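Colleague: Just passing along the structure, written as structure tokens.
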Amino acid sequence: MNNISVVIPAYQAEDTICRSVKSAFNIGSSLFEVIVVDDGSTDETCKIVEKLAVSSSKIKLIRQNNMGRSAARNTGFKAALADWVMFLDADDFLFPGDYEKLVGFADDKELGLLVCKYLKSGEEAFEIHDTNDALSNVVIMESAKLKRIMVGDHCRCDVPEFSGYELNAAWARLYRREVIAEAANCLGASLAPFPLGLRFSEDRLFNLEYLWMLENEHVGFVPFYAYCWDIGNSSTCSRVRPRDVDSLSLFASVTRELEKRSVFSSRDRDLVLSREFIEQFKRAAQMSRDNPEISAAWIEEFDSAWLKENLKEFPSDCLGVNGQWGIIAKILAGGHLGFAFNAYTAISMIKAQVKRAITK
């Protein structure tokens with residue numbers, strides 16, 4: 001049965017789009033369509049996809065003005081017709097497998113979501129490759145429990161079955177199209193499927209919205225390597241820029257709106273925002289040592305009152321294995337962003353000195 005739509009957002013992807021599109025056919029007979037949404041590319045991306053489409057009517061190209069990855073994914077989803085949807089980035093690719101058995105298993109068990117394993121480019125899988133073996137080792141979890149873990153109400157390290165899975169990404173997963181459609185109808189085009197305008201962590205919010213829609217349904221974790229994240233070509237690992245604070249401010253606004261829509265409780269919203277803030281802070285603090293404009297932009301955007309109002313509680317798993325980020329978290333929650341940047345620099349220098357002393 002042809003019951004999987006693959007959605008590929010693409011922007012300036014001429015070097016990788018051919019590999020990505022061709023890999024979608026690794027799904028086999030379950031593949032219904034490959035929808036490539038070109039997000040205003042000025043390179044050869046469209047021409048490459050058009051050439052590929054000559055060989056298969058399953059390949060569909062949609063063009064739009066540059067509006068960002070979330071908008072491209074949303075456009076692709078609106079065009080999708082299959083029962084199940086997979087999102088594939090234009091610089092990554094899918095591994096072969098019996099995907100028909102995957103969705104058949106999900107249908108038989110009435111699962112709302114399948115989460116598969118992934119590899120980074122250059123890594124090797126030392127575990128299960130075969131789909132049949134993978135399906136005999138599926139871990140099934142209540143969607144509400146997974147949502148609690150993603151929010152930060154539980155420590156992920158207490159759940160050993162998560163090894164090898166990416167909890168936040170939209171890739172390496174099989175979603176029910178009807179559930180995504182329900183979320184979009186309920187939350188509106190600016191919030192769902194993917195919240196518009198975010199540069200980071202739109203996947204995390206999309207997944208949390210999806211789990212909210214699932215309510216009491218179940219999720220299957222399948223130890224099958226379905227996806228390769230080509231981190232060397234990844235557009236999601238781009239450099240930190242001073243204007244990234246705009247995206248973080250928007251993230252705060254989106255989470256506030258999701259709280260109003262009952263996707264999050266007040267505490268959930270605090271945890272989700274605090275996680276995002278400290279994760280982005282780590283990147284900004286590291287890069288601001290070479291580019292002071294980054295820390296200056298942060299200090300201008302987030303004043304003491306904002307920090308105190310929004311950073312009330314941090315998930316324990318984002319504070320480091322030994323809680324080494326706890327000090328920074330307390331400084332941030334106290335409203336002292338400039339001091340937090342200075343503290344990060346001091347702590348980094350001490351760590352570097354200790355490392356040099358140990359290696360001598």
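Every number in this text was worked out from the coordinates using simple rules, so none of it is lab data. Quantities reported herein were computed from a predicted structural model and do not represent experimental measurements. Neighbour counts run over all protein chains shown; Cβ positions are idealised from the backbone, glycine included.
Colleague: Tell me the GluC sites (Glu not before Pro) within the stretch 16-85 that lie in a loop according to DSSP and have at most 16 other beta-carbon atoms within 10 Å.
Modeller: Those that pass, being in a loop and sparsely packed, are 44.
Colleague: Check residue 113: other-chain or 5+ apart residues with amide H under 5 Å from its amide H, H built from backbone geometry?
Modeller: For residue 113, whose amide H was placed from the backbone, the distant partners under 5 Å are 220.
Colleague: Moving to a separate point now. Quick one: 3J(HN,Hα) in Hz for the stretch 333-344, Karplus 6.51/-1.76/1.60 with θ = phi - 60°, rounded, Gly and Pro as x.
Modeller: Per residue, the Karplus-derived 3J(HN,Hα) values read 5, x, x, 10, 5, x, 5, 5, 5, 5, 5, 4 Hz.
Colleague: Explain nothing, just compute: Karplus ³J(HN,Hα) = 6.51 cos²θ - 1.76 cosθ + 1.60, θ = phi - 60°, for every residue of the stretch 85-102 in order, whole Hz, x for Gly and Pro.
Modeller: Karplus values, whole Hz, x for Gly and Pro: 10, 10, 9, 10, 6, 5, 9, 10, 7, 9, 8, x, x, 8, 5, 4, 5, 4.
Colleague: How far, in degrees from 0 to 90, does helix 266-288 lean away from the longest principal axis of the Cα atoms of the chain, to the nearest 10?
Modeller: 80
Colleague: How big is the charge dipole of the chain about its Cα centre, in debye rounded to the nearest 20, if each Lys and Arg gets +1 on its Cβ and each Asp and Glu gets -1 on its Cβ?
Modeller: Value, rounded to 20: 940 debye.
Colleague: Simple spin-label model, 7 Å along Cα-to-Cβ: residue 290 to residue 142 in nm?
Modeller: Each label point is offset 7 Å from its Cα along the Cβ direction, giving 4.7 nm.
Colleague: Run down the lysines and flag those whose C-alpha is under 30 Å from the C-alpha of residue 147, throwing out any fewer than 8 positions away in its chain.
Modeller: Within the straight-line cut-off, residue 147 pairs with 78, 101, 109, 117, 120, 260, 282, 308, 312, 330.
Colleague: Shifting gears a bit: Across the stretch 133-147, in residue order, what do the Karplus-derived ³J(HN,Hα) couplings come to in whole Hz, using 6.51 cos²θ - 1.76 cosθ + 1.60 with θ = phi - 60° and x for Gly and Pro?
Modeller: Listing the rounded values in order: 4, 4, 5, 7, 10, 6, 9, 9, 9, 5, 4, 5, 5, 4, 4 Hz.
Colleague: In the stretch 4-235, what % of DSSP beta bridges are antiparallel (nearest 5)?
Modeller: 30
Colleague: Follow-up question, since we're still on this one. Could you state the angle between the C-alpha long axis of helix 202-214 and the longest principal axis of the C-alpha atoms of the chain, as a value from 0 to 90 degrees rounded to the nearest 10?
Modeller: On a 0 to 90 degree scale, this one is about 60.
Colleague: Return the calculated 222 nm mean residue ellipticity for the chain, to the nearest 500 deg cm²/dmol, obtained by summing -39500 (n - 2.57) across DSSP H runs with n ≥ 4 and dividing by the residue count.
Modeller: -14500 deg cm²/dmol
Colleague: What residue among 321, 36, 219 has the largest mean-square fluctuation in a Gaussian network model of the chain, using Cα springs under 10 Å?
Modeller: 321
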